[in-house]
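Have a look at the structure below before the remarks.
The values are calculated or read from the model by the stated rules, or taken from the named source; none is laboratory data. Keep in mind that this is a model prediction, so the values were computed, not measured. Note that we place each Cβ from the backbone using ideal geometry, even for glycine, and neighbour counts take in every protein chain shown.
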Amino acid sequence: MRSPLLLLLLNAFYFIAGAQVDSLVQPTDPDQQVIEDFLQNTESEGTFDFNTIFEELEFYRENPINLNTITEGQLQDLNLLSDIQILEILKYRQTAGDFISIYELQAVPSLDLQTVRRLLPFVRVSGDLDDYQTPIGQMMREGRNELYLRWFRILEDQRGYTPLGQDETGSRYLGDPNQFYMRYKHAYSNRLSYGFTAEKDRGEEFFKGSNPYGFDFYSAHVFLRDYSKRIKAIALGDYAVSFGQGLVLYSGFGYGKSSLVMNIKRTSRTLRPYTSVNESNFQRGAAVTLAFGDHIEVTALGSHRRRSANLLESDTTDLEDQVRQASSLDLDGLHRTPNEIADEGAIAQTTIGGQVKWNNRYGHIAANALYEELDADLTQFRPTPNNQFDFTGNNLYNISLDYSFIVQNFNFFGETARSANGAIATVNGLLMGLDRNVDLALLVRHYPRHYQALNANAFGETFGAQNETGVYLGMEVRPHKNWRLSAYFDTWRHPWLRFTVDAPSTGYEYRGRLTYYLKRDLEVYVEIREEHKAQNISKIEGKNDFTLDRHIFQARLHVAKKVTKELELRSRIDVGYTDNEINNRQSGFAIYQDVLYRPTAFPFSFTTRYALFDTDGFQSRFYSFENNLLYTFSIPAYYNRGSRFYFNLRYRGIRNLTIEGRIAQTFWKNQDTFGSGNEQIDGQTRTSVGAQIKYKF
């Protein structure tokens, strides 16, 4: 029985604490941290098109979901909640009945005030507008159209765009240094979507040479969701598929180890429209999900597309004995030089698969199957001990069984898969809501060295669900309404060699964060992270490498303060080091100041940063999320000695039109060049500029 006084107090509290939010969605702070952590774990840096992850937020802001009919899948689409929090919302509704007010979310266990405030703009309590009987023609007439045009380039001269010198060898980029992006999308609610995406990367030709028809990459899709009780999803053109916990196929953004310590379960929908510019992680063809009764769903998919690959020359002149061979499938989608262009679309890949899923209110169990066939044999160009268990050949199949069940406050989930060579991989986890203020997560994984899957993306220290056994334990404690403590410990073993480790190895990592937040005005956290894992070390004398334990330690202090409803300041300092028993310790720090100004009555808004960093090299780098043009997020690695600055300007003075511009520059005081190979700049600065237009009609 709800107390009317309680509901009145909840509404009054939010009225006092509420604040204006930007109508153009950027990822929330926790999501920014997850992306930083993703790059920290992959030991790389980059700029990503994450629109397939976060563009759902903009739709749900304009069309909030009814809390009394919201499904587990819709809550997962928001990327704002942990699996425990999703479980608690559904359980609360089941026990207490329909929500009377959106502010009643504060009565749900596991939802602290900070999480509730992030969720409020995307939910409602009212009648539903969606109707299964809406004709497709009406969806096409009444939907929303969006057009994006984006441009980006680096201002300094790079080696790849200059002619070869007299004594130089190699190749240069055939295209210009401009990057172009275009996307059109029509959407009715979140049920019908169709559109196309086109991109030309820097250095690729445009309307000439290898790209006489303009862009280097084109993608198009038609996607229909929840058309009737029987037809749950239809995908035509390019689409994304995700099965279970990622042992067979997972095209979504897989959360791994991060500051969101409870987000370890893969939860993406089975089928989704594909609108990204990643040129490898999607299917091209058709797929459908059908419901049979209240509990059975069947998904079938078929895909055929060209893949870029490095073809090997045949060692025989007899045409009958020649077999097409490729050493690898290219994943970067870059076609700038003659060699890269020769690899473009070199082989064809056919994919056939399906899923049978049984659902009820307590969870699901699903059987998955996938068959892949290439028109060339994958082989090892240079066979080495570490790659002898990798897939070779031209066809591969995988089958798996995945599950997720809720028993009281416990969510059991996992997947067990078998590859064509008989190897069995398994990952199993448990999410526990032990108390209103205490959550625990446990995950155990075992991926044999000879398990093979072309598109595996399961939780782990390494990618590919291969050659790893580990245990993860995470915990989140909320001792007070203004405090949160989160931590995890992960330990793993690689029973066989890896690319940079010439011996079986072990490792462990731990991370802890203590956060203090006050209403919407202030958030402060302090964090420590430590990792021990093996890596090859070059001997001073001799030709062989040997392995040593590498120790990484980092600490962070982060402060975000809302000065007014329109002005926010964010400050951060990172310190840390990395070392081993032989090499000298590399240490350093990075510090930055952000200013975010988003006025409600003025058409211009901006975000800017100035950062200083001083490290002994790349091994002691720090990753830091940067606001960028809408749906484009930069996460550079700060290392060496220098500074970085960026400024983003947004104009929204014309109805349905958004214009954005960006300039960013990195300066290295202790270096005379930037980058290497064709990306090299002879100088101490690298400056990038970009612009984007978004038009809704």
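Okay, here's what the table says:
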{"read-out": "Residue in region 677-695 that is surrounded by fewer than 16 Cβ atoms within 10 Å (Cβ to Cβ), without any contact (Cβ under 8 Å) to a residue 24 or more places away in the chain and β-branched (V, I, T) present", "value": "no"}
{"read-out": "Index of the failed condition, M475 passing every other in (1) surrounded by fewer than 16 Cβ atoms within 10 Å (Cβ to Cβ); (2) modelled with pLDDT of 95 or more", "value": "(1)"}
{"read-out": "Lone qualifier among E199, E204 - being of a type in the set (D, E) and either touching a Lys or Arg at 6+ places or on another chain (Cβ under 7 Å) or surrounded by fewer than 18 Cβ atoms within 10 Å (Cβ to Cβ) (or both)", "value": "E204"}
{"read-out": "Residue count, region 482-507 (criterion: assigned to a loop (DSSP other than H, G, I, E, B) and not charged (D, E, K, R))", "value": "8"}
{"read-out": "Residues satisfying the stated conditions in region 290-317, i.e. surrounded by fewer than 22 Cβ atoms within 10 Å (Cβ to Cβ), closer than 30 Å to Y148 by Cβ and among the hydroxyl-bearing types (S, T, Y)", "value": "S303"}
{"read-out": "Pairs, first at pLDDT 95 or above in region 542-562, second part of a strand (DSSP E or B) and of a type in the set (G, A, S), C-beta under 6 Å, six or more apart", "value": "F553/G576; Q554/G576; V559/S571"}
{"read-out": "Matching option when the condition is surrounded by fewer than 20 Cβ atoms within 10 Å (Cβ to Cβ) and at pLDDT 90 or above, among R172, R124, R150", "value": "R172"}
{"read-out": "Residues satisfying the stated conditions in region 421-466, i.e. polar (S, T, N, Q), within 23 Å of D377 (Cβ to Cβ) and within 22 Å of the chain's Cα centre (by Cα)", "value": "N455, Q466"}
{"read-out": "Strands (runs of 3 or more DSSP E) completely within region 274-316 that count 1 or more residues being of a type in the set (S, T, Y)", "value": "283-292, 296-307"}
{"read-out": "Residue selected from region 452-481 under the condition without any contact (Cβ under 8 Å) to a residue 60 or more places away in the chain and outside any strand (DSSP E or B), by the criterion farthest from P495 (Cα to Cα)", "value": "G464"}
{"read-out": "Answer residue from region 404-430, given it is farther than 30 Å from W496 by Cα and not small (G, A, S) and is surrounded by the most Cβ atoms within 10 Å (Cβ to Cβ) among those", "value": "N411"}
{"read-out": "Matching residues in region 374-398 - criterion: being exposed (fewer than 13 other Cβ atoms within 10 Å of the Cβ) and either among the acidic types (D, E) or out of contact with any strand residue (DSSP E or B) (no Cβ under 8 Å at 6 or more places or on another chain) (or both)", "value": "R382, P383, T384, P385"}
{"read-out": "Single match in Y577, Y508, Y517 (criterion: at pLDDT below 90 and within 27 Å of the chain's Cα centre (by Cα))", "value": "Y517"}
{"read-out": "Residue check, A367 in a strand (DSSP E or B), surrounded by 15 or more Cβ atoms within 10 Å (Cβ to Cβ) and in contact with a Pro (Cβ under 9 Å, 6 or more places away or on another chain)", "value": "no"}
{"read-out": "When residues of region 577-607 are limited to those that are crowded, with 17+ Cβ neighbours inside 10 Å and β-branched (V, I, T), the one nearest to F633 (Cα to Cα)", "value": "T607"}
{"read-out": "Test: V444 is outside the structural domain of Q114 (by TED's automatic domain parsing) and under 30 Å from R572 (Cα atoms)", "value": "no"}
{"read-out": "Enumeration of residues in region 320-353 that are on the phi > 0 side of the Ramachandran plot and over 24 Å from the mean Cα position of the chain (by Cα)", "value": "G345"}
{"read-out": "Every pair of residues 6+ apart whose Cβ atoms lie under 7 Å, when the first sits in region 92-108 and is over 19 Å from N437 (Cα atoms) and among the aromatic types (F, W, Y) while the second is at pLDDT 85 or above and not in a helix (DSSP H, G or I)", "value": "F99/L67; F99/N68; F99/V125"}
{"read-out": "Tally of residues being within 26 Å of I231 (Cα to Cα) and touching a residue at least 40 places away in the same chain (Cβ under 8 Å) across region 147-192", "value": "8"}
{"read-out": "Selection from region 370-411 of residues that are assigned to a strand (DSSP E or B), over 22 Å from S303 (Cβ atoms) and of a type in the set (A, V, I, L, M, F, W, C)", "value": "L401, F405, I406, V407, F410"}
{"read-out": "Qualifying position, being within 26 Å of S276 (Cβ to Cβ), of a type outside the set (S, T, Y) and in contact (Cβ under 8 Å) with a residue 24 or more places away in the chain, among L334, L401", "value": "L334"}
{"read-out": "Candidate set from region 652-663 (those that are crowded, with 16+ Cβ neighbours inside 10 Å and of a type outside the set (A, V, I, L, M, F, W, C)); member that is farthest from the chain's Cα centre (by Cα)", "value": "R652"}
{"read-out": "Test result for Y250, aromatic (F, W, Y), closer than 24 Å to L401 by Cα and buried (at least 22 other Cβ atoms within 10 Å of the Cβ)", "value": "yes"}
{"read-out": "Residue in region 186-201 that is more than 30 Å from the chain's Cα centre (by Cα) and farther than 30 Å from L80 by Cβ present", "value": "no"}
{"read-out": "So P212, is it surrounded by fewer than 20 Cβ atoms within 10 Å (Cβ to Cβ) and either of a type in the set (V, I, T) or over 30 Å from F667 (Cα atoms) (or both)", "value": "yes"}
{"read-out": "Odd one out for N339, checked against (1) loosely packed, with under 13 Cβ neighbours inside 10 Å; (2) at pLDDT 90 or above; (3) under 30 Å from R230 (Cα atoms)", "value": "(3)"}
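Every residue, every condition in (1) modelled with pLDDT of 95 or more; (2) among the polar types (S, T, N, Q), yes or no:
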residue	(1), (2)
R284	yes, no
S303	yes, yes
L311	no, no
E320	no, no
